[in-house]
1. What's the percent breakdown of Cα-Cα distances in the stretch 124-205 across 5 Å bins, shortest bin first?
2. How much length is gained on full extension from Arg46 to Ala60, taking 0.36 nm per residue of separation minus their Cα-Cα distance?
3. Considering only the stretch 124-205, what is the antiparallel percent among its DSSP beta bridges, to the nearest 5?
4. What does the extension gain come out to for Ala85 and Ser67, with contour length at 0.36 nm per residue minus their alpha carbon separation?
5. Residue by residue, what Karplus-based ³J(HN,Hα) values in Hz, rounded to whole numbers, does the stretch 57-63 have, using 6.51, -1.76 and 1.60 with θ = phi - 60° and x for Gly and Pro?
6. Mind listing the long-range amide H neighbours of Arg193? Cut-off is under 5 Å, sequence gap 5 or more, other chains count too, H placed in the peptide plane at 1.01 Å from N.
Amino acid sequence: MHAIARHLPDFARPGTRPAIAAPPRHPAAPVSPLAPAAPDPADLVREALERGRREGEAAAYAAFERSRAEDATRAAEGRAADRAAWAEAEAARLADALETAIDRVEADLSERIARTLIPALDAALRARALAELEDLMVPLLAREDRPVFKISGPADLIDRLRMRLGDPPACLFEPAEAPDVQVVIGETVLETRLADWAERLRQSVV
């Protein structure tokens with residue numbers, strides 16, 4: 001009995017359970033991959049429509065941008081042309097106004113110069129004319145056979161000439177309304193021509 005018990009496993013103690021051999025494993029048979037399912041025609045149609053919609057929107061947006069850029073370019077060119085036309089018209093208007101102003105200033109300046117210079121130049125011309133007339137008369141008055149001098153002209157001028165000549169007895173002074181001093185010596189006539197000189201002076205100044 002004891003001899004047999006030694007050879008029997010004791011199930012009452014832990015770890016004494018006999019190992020049970022696992023059944024042998026065989027390699028699993030390979031699984032064939034499933035063939036892809038055929039695409040749904042409805043999906044293809046939807047994708048095509050969506051792609052067409054996106055492409056159409058992109059083309060429409062590009063066309064809109066081109067049109068907007070062209071409109072902006074035309075508007076800028078129009079504004080530039082309008083500004084150029086305005087600038088040209090304004091420049092012409094300003095040029096006319098400036099020319100008118102310059103003409104007005106020149107006319108006013110000429111008038112002032114004339115008012116200032118002509119009286120002084122008239123006096124200078126009178127003095128020169130009397131001096132030249134005196135130079136012509138003095139040699140003739142110095143002659144023994146001197147003729148009679150008939151002198152006429154503005155009273156102030158013949159008075160000045162009388163004083164310059166010393167009021168010689170051979171001279172007859174006669175005031176006149178004429179602007180020039182005239183000296184008649186026989187058939188010879190001497191004249192100052194002050195009126196012509198004064199007119200030329202006014203034309204040159206004005």
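1. Final binned percentages: 3, 15, 27, 26, 15, 8, 4, 2, 1, 0.
2. 3.0 nm
3. 60
4. 3.8 nm
5. 5, 5, 5, 5, 5, 4, 5
6. So Arg193 has HN proximity to Val181.
Read-outs throughout are calculated quantities, based only on the coordinates presented, and are distinct from any laboratory measurement. Keep in mind that what you see is a predicted model, and the values were worked out from it rather than measured.
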